[in-house]
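What follows is a set of notes on a single structure, which appears directly below.
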Amino acid sequence: QVQLVESGGGLVQPGGSLTLSCVASGFALDRYAIGWFRQAPGKEREEVSCISSVDGFTYYADSVKGRFTSSRDNGKNTVFLRMNSLQPDDAAVYYCASDGGNGTTVQAMCRMWDSLAQHWGMGTQVTVYS
């Protein structure tokens with residue numbers, strides 16, 4: 001059974017930080033590109049960051065560039081999203097998703113996720129109050 005589980009969400013003040021985790025089971029995470037996505041109420045789901053399987057190359061949406069950092073620990077079968085300087089606009093449910101282990105580039109994973117993402121977690125809520 002392939003499963004992705006996000007954790008680490010919570011309630012933070014503006015300017016605060018959180019680290020989200022995406023833990024994979026049922027497959028070796030180092031073979032897959034992983035994307036982070038978020039969806040706020042009334043808004044479309046949007047890409048946040050993606051990280052490649054073969055070399056750890058990353059892609060970031062302009063809205064989070066310089067504040068968020070994706071990384072992976074293949075030994076723990078986990079991908080992380082470090083979020084700094086959180087703003088109210090960052091409040092959303094955050095999801096991680098994997099491709100099919102086909103060598104997807106980070107650009108493709110984030111830009112074509114409708115067709116490329118195969119496995120999704122249930123999401124973790126990030127709330128930023130002001």
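Taking region 104-128, which residues are open to solvent by 40 Å² or more (accessible area, probe 1.4 Å) and under 15 Å from Phe27 (Cβ atoms)? Break it down stepwise before answering.
Let us first name the residues in region 104-128 that are open to solvent by 40 Å² or more (accessible area, probe 1.4 Å), namely 105, 107, 111-116, 118-120, 122, 125, 127.
Across region 104-128, the qualifying residues are Gln118, His119, Trp120.
Within region 102-114, can one find any residue that is at pLDDT below 95, charged (D, E, K, R) and not in a loop (DSSP other than H, G, I, E, B)?
The answer is yes; a qualifying residue exists.
Restricting to region 10-19, count the residues that are open to solvent by 30 Å² or more (accessible area, probe 1.4 Å) and either of a type outside the set (S, T, N, Q) or in a strand (DSSP E or B) (or both).
Residues of region 10-19 that are open to solvent by 30 Å² or more (accessible area, probe 1.4 Å), as a first pass: 11, 13-15, 17, 19.
From what's left, either of a type outside the set (S, T, N, Q) or in a strand (DSSP E or B) (or both): 11, 14-15, 19.
So the answer is 4.
Residues of region 32-60 being of a type in the set (S, T, N, Q) and either under 21 Å from Ser85 (Cα atoms) or open to solvent by 60 Å² or more (accessible area, probe 1.4 Å) (or both), which ones?
The answer is Gln39, Ser49, Thr58.
Could you list, in sequence order, the residues of region 94-103 that are buried (at least 18 other Cβ atoms within 10 Å of the Cβ) and not aromatic (Phe, Trp, Tyr)?
Quick first cut of region 94-103, residues buried (at least 18 other Cβ atoms within 10 Å of the Cβ) only: 94-99.
Correct list: Cys96, Ala97, Ser98, Asp99.
Could you tell me how many of the residues in region 79-123 are out of contact with any helix residue (DSSP H, G or I) (no Cβ under 7 Å at 6 or more places or on another chain), among the hydroxyl-bearing types (Ser, Thr, Tyr) and over 20 Å from Ala40 (Cα atoms)?
Total satisfying the criteria: 3.
Looking at the structure I just gave you, is Val5 assigned to a loop (DSSP other than H, G, I, E, B) and surrounded by 14 or more Cβ atoms within 10 Å (Cβ to Cβ)? Break it down into steps so the answer makes sense when it comes.
Working: assigned to a loop (DSSP other than H, G, I, E, B): no; surrounded by 14 or more Cβ atoms within 10 Å (Cβ to Cβ): yes.
In short, no.
Of all the residues that make up region 78-97, how many are farther than 16 Å from Gly35 by Cβ and either in a strand (DSSP E or B) or not aliphatic (A, V, I, L, M) (or both)? Walk me through how you get there before you give the answer.
Taking region 78-97 as the starting set, the residues that turn out to be farther than 16 Å from Gly35 by Cβ are 84-91.
Subsequent filtering for residues that are either in a strand (DSSP E or B) or not aliphatic (A, V, I, L, M) (or both) retains 84-85, 87-90.
Residues that pass the stated criteria total 6.
Checking the structure you have, find out if any residue of region 22-31 is part of a helix (DSSP H, G or I), buried (at least 17 other Cβ atoms within 10 Å of the Cβ), within 14 Å of the chain's Cα centre (by Cα) and aliphatic (A, V, I, L, M).
Yes, that holds for at least one residue.
The values are calculated or read from the model by the stated rules, or taken from the named source; none is laboratory data. Note that the structure is a prediction, hence the values are computed from the model and not measured. With ideal geometry, Cβ positions are generated from the backbone for all residues, glycine too; neighbour counts draw on all protein chains shown. The accessibility values were calculated without ligands, DNA or RNA, using every heavy atom of the protein model including side chains. Shrake-Rupley method; radii C 1.70, N 1.55, O 1.52, S 1.80 Å.
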